[in-house]
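The values are calculated or read from the model by the stated rules, or taken from the named source; none is laboratory data. These numbers come from a predicted model, not from an experiment. Cβ placement follows ideal geometry from the backbone for every residue including glycine, while neighbour counts extend to all protein chains displayed.
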Amino acid sequence: MVQLSQAVTAAILATGVFAHPGGNVNKEILRRQAHLDHSERRNVQSCKRDLIGSGWVREQHQRREARLHELRVAAGFAQPGDLVRRDVGEVEEEYGVQASCTLDPEATEGPYWVVGELVRQDLLTGEKGAITHLDINVVDTSTCKPVTDAYVEMWGSNSTGVYTGVQSRGNGDGGSSSLVSNALRGLQPTGANGTATFITVIPGHYVGRTNHLHTIVHHGATLLPNNTIAGGTISHVGQFYIEQNFLNQVEKTAPYNTNTQKVTTNAQDMLFNMGKQGGDDPVMKISLIGSKIEDGLYATIDVGVNPKARRNPAPVNMWTSSGGKPYPNSPWTGYPDT
Ligand SMILES: *[C@@H]1O[C@H](CO)[C@@H](O)[C@H](O)[C@H]1NC(C)=O
Ligand SMILES: *[C@@H]1O[C@H](CO)[C@@H](O)[C@H](O)[C@H]1NC(C)=O
Ligand SMILES: *[C@@H]1O[C@H](CO)[C@@H](O)[C@H](O)[C@H]1NC(C)=O
């Protein structure tokens, strides 16, 4: 596996492709390769037996099934009593194998991480798009138990592929209007089952990247009175993706269909391809709440982390009460011009 992935990495490096507008991703690819090669690397799949044995896989599947049903009832697409449950034996068998959406892919934070975002579940702040109820389970791959005391941070571009909180030549029209918004960014604590939930939109594509959501997992942080976190450590920096056929359908809906940036598919995205190596599956499992995408979506994914691991992602900006401000000495400052 190591041999194969190194060959793939070499091929990717040789093509010199760009992951962010005008930026070279070689460093990001090398970082992912170092993670794949790490002797202590484990993914959720290696915990499959323990997680099934403890009943966690079954419980979490049933919790999610019930939650999706609850969303369907609330939106008028189902009756309270008519939840049809899937066979749990089948669910347990498939756990950690493709479609079950487990990952530990360490990936780059990219040039658009804004530190100091708010702890909140609803990230929409007026943004339009395919509204997604996102359910993330965090598992400690060193103990095979859910991580109950972490903060999961999420951020993604809006439905036309522009990030809030930053101004950069590659971000939309490069204007400063997005600096004053914190939409589609925020954090949630994991709680009893290791679950963090968000309401966000399926991100749009932007030049050089397929549609993706960013995540960071924080441990030992302190909640401040203004609903931000401080301190602690970061064990995981990752990206979540959307299955291509489904993504094609999303891209046909408004306002995704007004995005004029060039499309990069999953298959053409080098970071996506790196993310899928080593038995990882960074693709979210997505269900329709109603009969079409516009009725809303329910997305789930399990993330394996080693809480003792230490990552040092670099924010480009920090969120303040008066908008995004440059983070001192950020290596991403001026990106992609530097
Ligand atoms: C944890 O999962 C169990 C089993 O599905 C569920 O009953 C419980 O409500 C969940 N707890 C939280 C805090 O989500
Ligand atoms: C995405 O953000 C940009 C910059 O703020 C804005 O111009 C654009 O209208 C937004 N897209 C949608 C669909 O609202
Ligand atoms: C929250 O409080 C911290 C500590 O006082 C401060 O540094 C930060 O700017 C505040 N964030 C916001 C969004 O007000």
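Every listed requirement among (1) touching a Ser or Thr at 6+ places or on another chain (Cβ under 7 Å); (2) more than 16 Å from ligand 1 (Cβ to nearest atom) is met by E251 save one, (1). For the structure I just gave you, tell me whether I131 is of a type in the set (V, I, T) and over 19 Å from D281 (Cα atoms). Yes: the conditions hold for I131.
Among the residues that make up the range 243-256, is at least one of them more than 16 Å from ligand 2 (Cβ to nearest atom), more than 25 Å from D149 (Cα to Cα), of a type in the set (D, E) and modelled with pLDDT of 95 or more?
Looking for residues that are more than 16 Å from ligand 2 (Cβ to nearest atom), more than 25 Å from D149 (Cα to Cα), of a type in the set (D, E) and modelled with pLDDT of 95 or more, one finds at least one in the range 243-256, hence yes.
Taken together, the criteria place S142 among residues that are modelled with pLDDT under 95 and not acidic (D, E). Looking only at the range 49-64, residues that are more than 9 Å from ligand 1 (Cβ to nearest atom), more than 21 Å from the chain's Cα centre (by Cα) and in a helix (DSSP H, G or I) come to 5 in all. The residues listed here are Q244, Q261, Q249; of these, the one that is surrounded by fewer than 22 Cβ atoms within 10 Å (Cβ to Cβ) and in contact with a Phe, Trp or Tyr (Cβ under 9 Å, 6 or more places away or on another chain) is Q261. Scanning the range 162-200 for residues that are near ligand 2 (Cβ under 9 Å from one of its atoms) and within 28 Å of V57 (Cα to Cα) yields a count of 0.
Checking each residue in the range 167-208 for being farther than 14 Å from V119 by Cα, within 16 Å of ligand 1 (Cβ to nearest atom) and modelled with pLDDT under 95 picks out A192, N193. Looking across the range 27-76, the residues that are surrounded by fewer than 16 Cβ atoms within 10 Å (Cβ to Cβ) and at pLDDT below 65 come down to K27, A34, D37, H38, S39, E40.
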